[in-house]
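All of the numbers you see were taken from the coordinates with simple rules; none came from a lab. The structure displayed is predicted, hence computed values, not measured ones. Cβ coordinates were reconstructed from backbone atoms using ideal geometry, including for glycine residues, and neighbour counts include every protein chain displayed.
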Amino acid sequence: MTSPTRRDFLKLTTVGGAAAALFGFDLKPAYAQLRTLKIARANETRSTCPYCSVSCGIIIYTIGDRAKNVTPQVVHVEGDPDHPINRGTLCPKGASLEQDILNERRLLKPQVRRPGGTDWEDISWDEAISEIAQQVKKTRDDTFIEKDATGHTVNRLESIAFSGGCTDTNEFNYLIVKTMRALGVVHLENQARV
Amino acid sequence: MSRQEQILPHGQVLRYTLRERITHWAAGVTYLYLLGTGLAFWSPWLFWLAVALGGTQVSRTLHPWAGLIFFGSVWYMYVMWAPQMTHTDDDRRWWKALKYYSTNQDDKMPPAGRYNAGQKFLFWGFFWANLLLFLSGIFLWAPQYFAWHSLVAMRISVLVHAAAALFTIGLFMIHLYMGLFAERGAFGSVIRGDVSIAFAKRYHPAWYKEIAGEAASPRK
Amino acid sequence: MSQATLRVQKISGHAGSVPGQDTQREYTVCKLIDTTTCIGCKACEVACMEWNDLPFGETVFDNTYQTMPETRWNYWNLILFNEHERDDGSLMWLMRKNQCMHCGEPGCLAACPADGAIIQYTNGIVDFQQANCIGCGYCITGCPFDIPKMNPKTHRVFKCTLCTDRVSEGLEPACIKSCPTGCLHFGIKDDMKELAESRAKQLRDYSNFPNAGVYDPPGVGGTGVIYVLHDATQPELYGGLPKNPHVPWSVKLWKGPLKWFGNVAMIGGLIGLFVHYLRYGPKAREEEDLATGPRGGRT
Amino acid sequence: MTNGWIDIKNTDMMLIMGGNPAENHPCGFKWVVEAKRNRNAKLIVVDPRFTRTASVADLFCQIRAGSDIAFLGGLIQYAIENHRVAKDYLLNYTNAAFVVKEGFKLPEDGLYSGFDAATQTYDKTTWNYQEGGDLSGKAARATGDPPGKENKAGGQPAAPPHLPENVAYDLTLQHPNCVFQLLRKQYSRYTPEMVERITGIPKAQFEKIADLFTSVRKDGDMKKVATIIYAVGWTQHTAGTQTIRTAAMLQLLLGNVGRSGGGVNALRGHSNIQGATDMAGIFEILPGYLKVPVPTDTDFKTYLERITPKSSKPHIWDSWNYWSNTPKFAVSFMKAMYGDAATKQSDWAFHYLPKVDRNYSWAYIWDDMYRGNVKGLFAFGMNGVAIGPDSNKNIAALKKADWLVVGEIYPDETSEFWKSPGITQDEMKKIQTTVYRLPCAGFAEKDGTFVNSARWLQWKNAALPPPGDAKLDQEILARIFLKVRELYQKEGGKFPDAILHATWSYTNPQNPALAEVAKEINGKALADLEDPVTKQQVKAGQQLPGYAWLKDDGTTACGNWLYSGSFTEAGNMMARRGTEDPSGLGIYPNWGFSWPANRRVMYNRASCDLQGKPWDLSRKQVWWNEATQKWVGNDVPDFKADSKPKDHMGPFIMNPEGVGRLFVPIGAVADGPFPEHYEPIESPVENPLHPQQSSNPIVKKFKTDADKYGTAKDYNIVCTTYRLTEHYHYWTKNNPMNVQLVPEPFVEVPAELADKMGIRGGEVLKVTSARGVYQAKAMVTKRIKRMMIDGKETFQIGIPIHWGYRGIAEDEGKTWKTAANLLSPTVIDPNAWTPEFKGFLVKLEKA
C-alpha cells in the first residue's frame, strides 16, 4: 500500500461534510410536535362524582359522537367548570374516576357461592333472580310477624335485612323503600348511618 | 518472539505483531466513531455528524458501546506495552530536543528506543484520559440504572468527559499527523506490522540496535 | 412552516437561528403555586397522570404521605411533604407541588446537544420533543431542580409539558384545573406575579408569616412556575427548593469557556498541523529510504 | 349542612372539628380557603391529629379523641362568662327564656333527673318546659312535682309527656330555672382547667382558641359570622348526637344559625347518604323524615296524632310549627306507595306499613344475624365486613345467615366472607350461606339524583352502558321484587297485600326509568286543585309545583314531600344548570334543586333582626319588605312569607316552639336535654367530671359472646380511624391510580411513642384491641403528640381504614389482609345509633 499523500489529507477533511448528503439523511428535525387535544371531538356527558358529599360536577368524555356505529369508551374525566361548587376542580379520587369506570377488576357476570362451596360458580341472571325471589319468599313466609306479643298488628319481617350503599340514587332509594317496606322489612339500613 | 524473528527478509523489520495491530485498530476504529459521534454531541454545528453516522439516537446508543471496546483496547495496550513505556533518561533528553524533532532534524535527536518519548506520552495520555472517559461515561450512560448516581457526579462527569475527550483529540491529531503524514511508513507499520530498516534506524535507532545487535546481519 | 414551529423561540442543540425568536408577540404564561393554601391532596398529581395518560408505576410506603421520593419519567408532578417545627413550637406541614419550573433560561435546554429535543415556546413553555431526544441525559445535569427523568427502556427524557396540548387550545394545564383549593393558578406571568405578591402581603399582614414572599428565582431567568412561600427566606424547607438556583456551573463551564477553548484548540490544532506540514513536510522525503518493502515495488 | 358549600366563603371565622374536609371534601374545602383569602377569615382546627386541614389553619390544637363535648362546653362557658353572646338573638330566636319544669336536675353527678338504673333509660317527664306565662322577676317555686312517679305504677306506659301549649318564660333571663340560667350552670363546670384535664388541650391554648372563636361576638356586635364544620369525627362516637348539639347550642348562643357564613355544617361522607336519609333508607323514618308507625298506632289517626306536633311557645309569640302539616305529607306518601289501595276507607292502607318498636339499626342487623334471627341480607354497595364495627363479628354473623345477596361493582370483603383470611377449606365447606354476587352498574352508567351535603339535588346523566353482564341496580331490584310478587300471586303466602298493591306503574316495570320514579317522588295531583288565594290551578295528573300543594284527603300523591318541587310540570328541576348568582353570596338559585323548596340556607329568617332587617347588610339573604308586606330576598325565605315581624313568629319553623333549642325538651334526645361529657366506652381515664358515672349511662353494650370490650389496664393507647384523601372507603383499593398514591396500609404513631418503643418508620406493627388484631407499617410522625389527660400521659394513634382482604395491594400479597374495623367496638350512640369508630383502646407491639 502507499501512504496517504497531502491530497488525501485534504480529501479526508471534506468527506465528513459531504457525508450527510451522501447518505441522504434528512437533517432537519421536526420542531414543536404538539400532541393534539385528546378530547377535542369527544362526546361529553355531565355527571356527578360518586365519592364524597360535595357532589362535584364532572364531565365524562367518551369516544365517538353518538353515532350509531360507535361503542362509547371513556377517554377522560374532568371537572365541570360550570358547576358552582367545584368549578372544574376535582380531588385525587374524582380525578381518577376514569380508572374507576374502566377497571379490569369490575364484576361482569352474576355468580353464586353454594352452601359449603369453596369457589364461585357462574349463574344466569334469570336463575339468580328466580332463586333469590324464592329465598325471599321462603324466609318471609317462615318468619313474618303479623301481630306482636301484645296483640298489636305489626306486619313486619325481622329476618331479612337490606343495606343500601352510598351511591344509590334517590330514585333507587325510593324503590328500595317501596319494595322493602312492602315486604315488611324493618332491618332497613344505609351507609348513611355509618 | 525472539528478537531474531523480528528481522524480516527484504530489509524489513517487524515492528508490530498481529495482536498489537488488531488492538490498535480496534481502538482506532472505535475512536474514530467515538470522535464523530462525540463531536456531534459537543457542538450543534457538528450535530449532523450524528445523523450521518446512522441517526442521532443510534449514535447515542452506540457511543457508549464503542466506548467500551475502546476502553478495552486501550486497557489491553496497557497490558501489552506498559513495561515498554517507562520513562527513561533518554526520554528526558528527547523532550529537551523536541524542537529538533518538530523541525525534522531527527539526526539531532537522542536515540529513541522502540517508542520515543512523544509516543510514550501519547500512550500515557490516552491511558489516563481513557480511564477518565470510562468512569465519567459510565455515569452518563444510564444514570437511571444506578442507585448511587447523583446529579453532582453526573455534572462532574459531563465536564470530565468533555475535557478528557478534548485532550485525546489533541493527542489524536498529532498521532494522526505523525502516522499519516510526517513519518512515511508509520501507517504501513500498523497495517502490515513491519518497517524498513531505514525507518527503524532513523526513528528508533536504539531499538534497531537492540534487535540488530543480536542478529548482526539481516537475513537476505 | 407551521404556526407551532413559528412559536418556538429557543431550540436545543441547534445551529443557526430559531424561527420564532423575536418574531412572535405572545404573553409568557405562568403557573402560580400558593404553598400556603396547598393541602397536599394530590389532585394535581392525578390530573397530570390522567391527562397525559401516563402509565402507573410501583410505589412503596416510605413513612410519609408523599407518593414517591422524587418525580419520575412517568410521574411529572409530585407534592413534597415536609414537617417543620417553628420556633414557637408549633408545627407546620409544608406541601409543595414539584414539577418543571419552565425556567426563562432553561439549564436543560442549554445542556442538551440534540437538535430540537428541547424547545422553548414564545409563551415560555419549555417542552421536550421526545422524537428528537437522543437520551444522553445531559438535560438532567443541566436542571437545577432535578426534574427531567429518563425512561430507561426507551432512553427518552420526560417532564411536565405544562400541558402544551391544552394551553395551545386555550385551556389551562390539567393540574391547574383540578386544584381543589385554588392554590394553583394560571395566567400570564405579570398577572401571576401581582397575584402572588398580594397574597404574600396578606400573609405578612394577617397571618403571622412576616417572611412570606414570592419565589421567582432570577438565577434561571425567572421561572414559568412561581411559588408563594410562608417563609421566602427558607425555600429549602419545602423539600429542598434551591434558594438561588442557577444553571449548574458544570453546564456553564462546559457550554462556555470549555467549549470555546475546545473549539479554538481543535481548529487551531488543525491549522497548526497543516501549516507545519506546509512548512516542514514529512520527515523523510526520499520514500525509497524508508518505505521499502515487498509491496513498495522493490524486491 | 344548614348552609351550603359555597356559603362557607361568606364567613369570618371557622371552627373545623370532628372533620377533615381538606382530605375528605377537598373541593368543598376550597370555600374555606376562599374565605381565608378573600375575607381574612380565621380557621381553627381541632383534631386528634395534625391533618392536612390543620396544615392551612390559623390555629390548631390536638384533642383527645372522644372529648369533644368537653371542648365545646368549655367554649360555651367562655362565651357566657365573657359576655360574647348574641343577646337579641338568644332572647328571641332560642328557648333561652323558657322556664323549665321544677324537678329537672343537671347531671352534676353524671345523671339527669329521671334515671332508671334497671332499664338504663330516662324518664323524661321533668325534661320539659313549665306551663304558664310571664315569670319575669318571679322566684321559682321551692319544689316542683316529684318527677316521673306516676308512670312507674302500671305495666302499661302512660301517654308520653307532651310540650305545654303556653310555655312559661322570663325575658330577663334571670329565673333560676330558665334555660339560659340552667345552661350557664351546666357549663360553669367546663372551666379551661377542666377542659385541659379532659381533652388534653393546655389551658393557655384553649383560651387562645376560645377567645378567637368567640371574638365574632365581641361587645355583642352582630355583623360577623362564625361557622362550625364537622363530619363523622363527631358522629361516630357514643356522644355523637350530643356533640353536634353542643355545637348547635354554641352557634345559637353566638347567633350564627340561619346566617350566611354561619350555621352548623355536617359534611356528609358519601355522595348520596344525605339523599338516603331524606328518602328514609333507614328503619326509623319514612321518606321526608316522617316517623315510622309503632305497634300502638292502631290506626292512621292515632299514628298521625302521635307524630304531628302541636305548637308550644310563650303565648305572646307565634310559631308556624311546620310539622303540623304532617298528615298531608303522610297521606300523600301512602297514595304514592299504594295508589288506589290507599283510601280513606282502607285507612290509607296503614297496616301495609311494618310497625317498629325497637332498634333495627346497623349494629343490630349484625347482632340479630349473629343471634340467628336475620336469615337473609341484601347488601347493595354496602361492604358490611369492612365497614364494621368488629369485622370478625360480622363475618361470624354472615356464616349463620341462610343467604346473602351482594350487588357490587368490585369483588369485596363481604361477598367473600366465606373465604376471609384464616378460614380453611374444611371450615369453608361447613359454611351454609348461599351467596349471590350480582354485578351492578357504576355511577357513570346510571342516571338519577344525588343529594349533596348542602341538600342540593342534582341530576346526573349516564355516559355509557354497564360493562359485560352488569345491570342497573333498579333493574335488579325491580326484577327481584316483581318475581317475589309473581310468587305471591301464584302461591299466596303470608300477608301478601302490601306486596301485591305497591304501585309499580312504570313504563318498563322490569327496568323502571329513574326519571319516572323522580316524578313519582315529586308528586302529582290526583284531582284538580286550586290555590284559594292565588287561584292557581293544578289539574289532575299534573306534577305538583311544591309541597305546599299537598293534601291530606287523598287528592295528591307524593313519594317524599321534601323533594316536592324537584320535578314539576316545568320539567326536571334537579337538572337545571343556571350559573347566575346575582347576590354574589353563592346561592345559585337556578342550579339544580335544593330541598326544602329550593332554599339554600335553612332558617334564614334568623339572618335578620326582630324587625326583619339583615344583621349584616353586606350579606343580605332575606328581609321583610314593608311595602309588599312580605318576606323576600336573594334566597327563598325559610319562613311564612306574610308573617309580620311584630307577630314574633320564631325562625325555627320546624320546631313546635318556633325557636332554636338550647334545651331539648322531652323525647327528642335520649340522654339529656343538655349535652354532658361522657367518656367513650373504651377510655384511658375515668371521667374527671364524675368518675362514678364515667360513660354515658344509657349506652348499652352488646351482649353476645362476640362482643368484647377492653379497659385501660390492658389497652393503653387511644386509637382513632379515618380516611385519607387519596382513597375512598373500600372502593379505591381497586383503582390503580389511587393505589399508586398510597400503596399500603399504615398506622400513624406519635414520634414520642415511637422513640419510647424503639419503633422506626416502615416497621411492621401489630395493633390489638379486645376484638382483633390489625397489622400495618408504622408511620412515625410529629403530627400526633403526647398528651396529658387528667395528669396521665396518654398516646393516640391513627389508622386509615382503606384496606381489607380484596384489592389490588391485597391480591398482590402486599398487605397483611387485616381490616381496621377488626379493632373497632360494637357500641352505638344512643340517639343516632352510629357506632363508635373514632375512639377506642388498643395496644401496640412490633410485629
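Sequence-distant or interchain residues sharing an amide H contact under 5 Å with residue C:31, placed H: which?
C:225, C:226
Calculate for chain C the 222 nm mean residue ellipticity that helices alone would give, adding -39,500 (n - 2.57) per DSSP H run of length 4 or more and normalising by residue count, nearest 500 deg cm²/dmol.
Theoretical 222 nm ellipticity from helices: -7500 deg cm²/dmol.
Run the helix sum for chain B: -39,500 (n - 2.57) per DSSP H stretch of 4+ residues, divided by residue count, reported at 222 nm to the nearest 500 deg cm²/dmol.
Computed ellipticity for chain B at 222 nm equals -21000 deg cm²/dmol.
Starting from the amide H of residue D:94, placed 1.01 Å from N in the peptide plane, find each other amide H under 5 Å away whose residue is 5 or more places distant or on another chain.
Here the answer is D:660, since their amide H atoms fall under 5 Å of that of residue D:94.
Can you find, among B:36, D:54, D:699, the residue farthest towards the positive end of the dipole of the protein assembly as shown? Put +1 on the C-beta of Lys and Arg, -1 on that of Asp and Glu.
Comparing the listed Cα positions along the dipole, B:36 ranks first.
Which whole-number value in Å³ per residue fits the convex hull of the alpha carbons of the stretch A:43-101?
69
For every helix of n ≥ 4 consecutive DSSP H residues, a contribution of -39,500 (n - 2.57) applies; sum these over chain D, divide by its total residues, and give [θ] at 222 nm rounded to the nearest 500 deg cm²/dmol.
-6500 deg cm²/dmol
Amide H of residue D:747 versus every other amide H placed in the peptide plane: which residues, excluding those fewer than 5 positions away on the same chain, fall under 5 Å?
D:777, D:778, D:779
Set Lys and Arg Cβ to +1 and Asp and Glu Cβ to -1, take the dipole of the protein assembly as shown about its Cα centre, and tell me which of C:15, C:244, D:106 lies farthest positive.
Ranked along the dipole, the leading option is C:15.
In the stretch A:32-171, how does Rg compare with the Kirkwood Rh, expressed as the Rg/Rh ratio over alpha carbon atoms?
My calculation puts Rg/Rh at 1.16.
Filter chain A for me: DSSP H helices, axial length by Cα at least 20 angstrom, mean Kyte-Doolittle hydropathy not below -1.0. List them by residue number.
Taking the DSSP H segments of chain A (at least 20 Å long, mean hydropathy at least -1.0), we get A:6-23.
Going by how many other Cβ atoms sit within 10 Å of their own, how do D:438, C:195 line up, fewest first?
C:195, D:438
Using only Cα atoms and rounding to the nearest 10 degrees, what angle (0 to 90) does helix C:189-206 make with the longest principal axis of chain C?
Here the helix axis deviates by roughly 40 degrees.
If each residue's Cβ is checked for other Cβ atoms within 10 Å, how do D:526, D:353 rank with the fewest at the top?
D:526, D:353
What's the average, rounded to a whole number, of partner chain beta-carbon atoms within 10 Å of each residue's beta-carbon in D:715-725?
Per residue, the average neighbour count from other chains is 2.
In whole Å, what is the distance between the alpha-carbon centres of the stretch D:628-689 and the stretch D:1-79?
Between the Cα centre of the stretch D:628-689 and that of the stretch D:1-79, the gap is 21 Å.
Explain nothing, just compute: Karplus ³J(HN,Hα) = 6.51 cos²θ - 1.76 cosθ + 1.60, θ = phi - 60°, for every residue of the stretch D:628-636 in order, whole Hz, x for Gly and Pro.
In residue order, the calculated couplings are 8, 6, 9, 7, 9, x, 6, 9, 6 Hz.
Using θ = phi - 60° and the Karplus form 6.51 cos²θ - 1.76 cosθ + 1.60, what ³J(HN,Hα) does each residue of the stretch D:651-657 get, whole Hz, x for Gly and Pro?
Ordered by residue, 3J(HN,Hα) equals x, 8, 5, 7, 8, x, 6 Hz.
Run through the stretch D:508-606 and list the trypsin sites (Lys or Arg not before Pro) located in a DSSP loop whose Cβ has at most 14 other Cβ atoms within 10 Å.
Loop-located and lightly packed - D:535, D:539.
Between the stretch D:478-494 and the stretch A:150-193, what is the separation of their alpha carbon centroids in Å?
17
Karplus couplings for the stretch D:344-353 from phi (6.51 cos²θ - 1.76 cosθ + 1.60, θ = phi - 60°), rounded to Hz, Gly and Pro as x?
Couplings: 4, 5, 8, 6, 6, 6, 4, 7, 5, 7 Hz.
Roughly what % antiparallel, to the nearest 5, for the DSSP beta bridges in the protein assembly as shown?
Rounded to the nearest five, the antiparallel share is 60 percent.
Share of antiparallel DSSP beta bridges in chain D, in percent to the nearest 5?
50
Please report the net charge: other residues with Cβ closer than 12 Å to the Cβ of residue D:763, K and R +1, D and E -1.
Around residue D:763, the surrounding residues sum to +3.
Which value, in debye to the nearest 20, describes the size of the charge dipole of chain A about its Cα centre when Lys and Arg Cβ atoms bear +1, Asp and Glu Cβ atoms bear -1, and nothing else is charged?
Taking the Cα centre of chain A as origin, the dipole is about 1040 debye.
How big is the antiparallel share of DSSP beta bridges in chain A, given as a percent to the nearest 5?
75
Please identify the GluC sites (Glu not before Pro) of the stretch D:579-661 that satisfy two criteria: DSSP loop assignment and at most 12 other Cβ atoms within 10 Å. Which are they?
Answer in residue order: D:580, D:626.
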